[in-house]
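Right, one structure below, let's go through it.
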Amino acid sequence: MTASLEQLRRCHFAVDLGAARTRVYVKGAGLVVDQPSVAAVNTRTGALIAVGEFAEKMTGRTPGYIRVVKPVSGGTVVDIEMAQRMLRQLLGERLRRTLRRKPRLRAAACTPHGSDPLAQRAAVETLVGLGARRVELVDTLIAAAVGCGLPVERAEATMIMVCGAAHTQVAVLSLGAIVTAERIPVGGEAVDHAIVQHLRHQHELMLPSQSVRPLQLALSGNGLTPQGPASTEIHGRDVATGLARSVRVDTAAVRDAIQTPLTAVLDGIGKVLRNCPPDLVADLADRGIMMVGGSALLPGFDQMLRHATGMPVHIAERPEVCAVLGLGEMLDGRIQPMALDSVST
Ligand SMILES: Nc1ncnc2c1ncn2[C@@H]1O[C@H](COP(=O)(O)OP(=O)(O)OP(=O)(O)O)[C@@H](O)[C@H]1O
Ligand SMILES: [Mg+2]
């Protein structure tokens, strides 16, 4: 699926349509959009009311006739028309005009590892609707590895873990290609869901969707490790009475609740390592795992992996934008093509 570097260099813009955030890189302008993949629509008139951050703030706070929708779900564009409208709005008039001026507009997009042809088709259709005449697809794992500066083209193993909202992808790369990879359907959303369920079952408290992050921050510092604060105060709504209520939540119990989805990620890493040739596993023992994606910032996630795998674990510098910046580097031609021509004798 991965397009050639030559084709990518001819693209004018690159898009990473994620389950949580949409990012756009425009050649010559850099990263121009980094906003939540959310749109608010007036269901009476069909008009788009807001997109990105504004629309996200409306989640759970709208009157009946306004619906907040996510055109991307599970890493796949599920509503092509809405995704196009959202992207158009996020790009803004000025950038749209700049792109329209290109004679044969070309776009690049990253797609999750192992995504099916229908999902790939949806990504392509979305960008074609924006005026692209040709769309190159790049595996997110490759784009992210390039974006965080891993030496992917060398004959040594590097392990990358893309921790997104909908899923976590793990791969071992060598010589610019994926040797083994796994996509685990667990990401930041599953972690948030585990926290919400925990509070509902243990404290009979309904947590507003926008309070999950503050709770994670309360766990932070030492988050998933046992040295964090023992408890923290959370406000929500009582499940039975419907009244506002605060509870003191035991952070150790929240940690246990989060642990369950993260175990699936550990299983995935184990599977990748088992399928990997022994020479490459030996390289990995010193280089370790590079974590990218927004969920890599989950407090204590790296420590947990270090503890579970015994390997060094690093978090990339700007983990959440690595994939789109990797695409950007390919567009700008900053990545040298690999010299893998056959040796003539
Ligand atoms: N500081 C943070 N602490 C914990 N979680 C975070 C933090 N920042 C972002 N996240 C989580 O990271 C996820 C977003 O990551 P990212 O932007 O990589 O997702 P995405 O690319 O939209 O998703 P996907 O690649 O799965 O389609 C969200 O689920 C969010 O909850
Ligand atoms: Mg992503």
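Sequence-ordered 3J(HN,Hα) estimates for region 73-80 from the Karplus curve with 6.51, -1.76 and 1.60 and θ = phi - 60° stand at 9, x, x, 10, 6, 9, 9, 4 Hz, glycine and proline given as x.
In this Cβ point-charge picture (+1 for Lys and Arg, -1 for Asp and Glu), the chain has a dipole of about 1580 debye about its Cα centre. For region 72-177, trypsin sites (Lys or Arg not before Pro) are listed when DSSP marks them as loop and at most 16 other Cβ atoms sit within 10 Å of their Cβ; the list is Arg101, Arg104, Arg133, Arg154.
Once you have the Cα-Cα distance between Asp286 and Arg101, take 0.36 nm times their residue separation minus that, and quote the gain in nm to one decimal.
Working: separation 185, 0.36 × 185 = 66.60 nm, distance 4.87 nm.
Contour length minus Cα-Cα distance gives 61.7 nm.
In this structure, the amide hydrogen of Thr180, modeled 1.01 Å from its nitrogen in the peptide plane, lies closer than 5 angstrom to those of Val172, counting only residues at least 5 positions away or on a different chain. Per-residue Karplus couplings for region 132-141, computed as 6.51 cos²θ - 1.76 cosθ + 1.60 with θ equal to phi - 60°, are listed in order as 6, 8, 8, 10, 9, 9, 10, 4, 3, 4 Hz, Gly and Pro entered as x.
Amide H contacts of Glu136: Ala107, Ala108, Ala109, each under 5 Å away and 5 or more positions distant or on a separate chain (H built 1.01 Å from N in the peptide plane; Pro and chain starts excluded). Of all DSSP bridge pairs formed entirely within the chain, close to 70 percent run antiparallel. Using the alpha carbons alone, the radius of gyration of the chain stands to its Kirkwood radius in an Rg to Rh ratio of 1.00.
Test of understanding: what is the full-extension gain from Arg134 to Thr260, defined as 0.36 nm times their sequence separation minus their Cα-Cα distance? The partial results should precede the final answer.
Details: separation 126, 0.36 × 126 = 45.36 nm, distance 4.20 nm.
Gain on extension, Arg134 to Thr260, equals 41.2 nm.
Projecting the Cα positions of Ala122, Leu150, Cys163 onto the charge dipole of region 120-182 (unit charges on Cβ atoms of Lys, Arg, Asp and Glu, taken about the Cα centre) puts Ala122 furthest along the positive direction. Between the beta carbons of Arg334 and Arg61, assuming R0 = 45 Å, the FRET efficiency works out to 0.60 to the nearest 0.05. Here's the picture: charge each Lys and Arg Cβ at +1 and each Asp and Glu Cβ at -1 in the chain, and of Met206, Val247, Ile80 the one pushed furthest to the positive end of that dipole is Ile80.
Applying the Karplus relation 6.51 cos²θ - 1.76 cosθ + 1.60 with θ = phi - 60° to region 87-92 yields 3J(HN,Hα) values of 4, 4, 5, 5, 5, x Hz, where x marks Gly and Pro. Database remark: amide H of Thr22 closer than 5 angstrom to the amide H of Gln35, Ser37 (H placed geometrically; neighbours at sequence offset of 5 or more, or on other chains; Pro and chain starts carry no H). Centre-to-centre, using Cα atoms only, region 106-153 and region 261-295 are separated by 23 Å.
No value in this document is a laboratory result; all are computed from the given coordinates. Please read these numbers as outputs of a predicted model, since none were measured by experiment. Here Cβ is always computed from backbone atoms with ideal geometry, including for glycine, and neighbour counts include all displayed protein chains.
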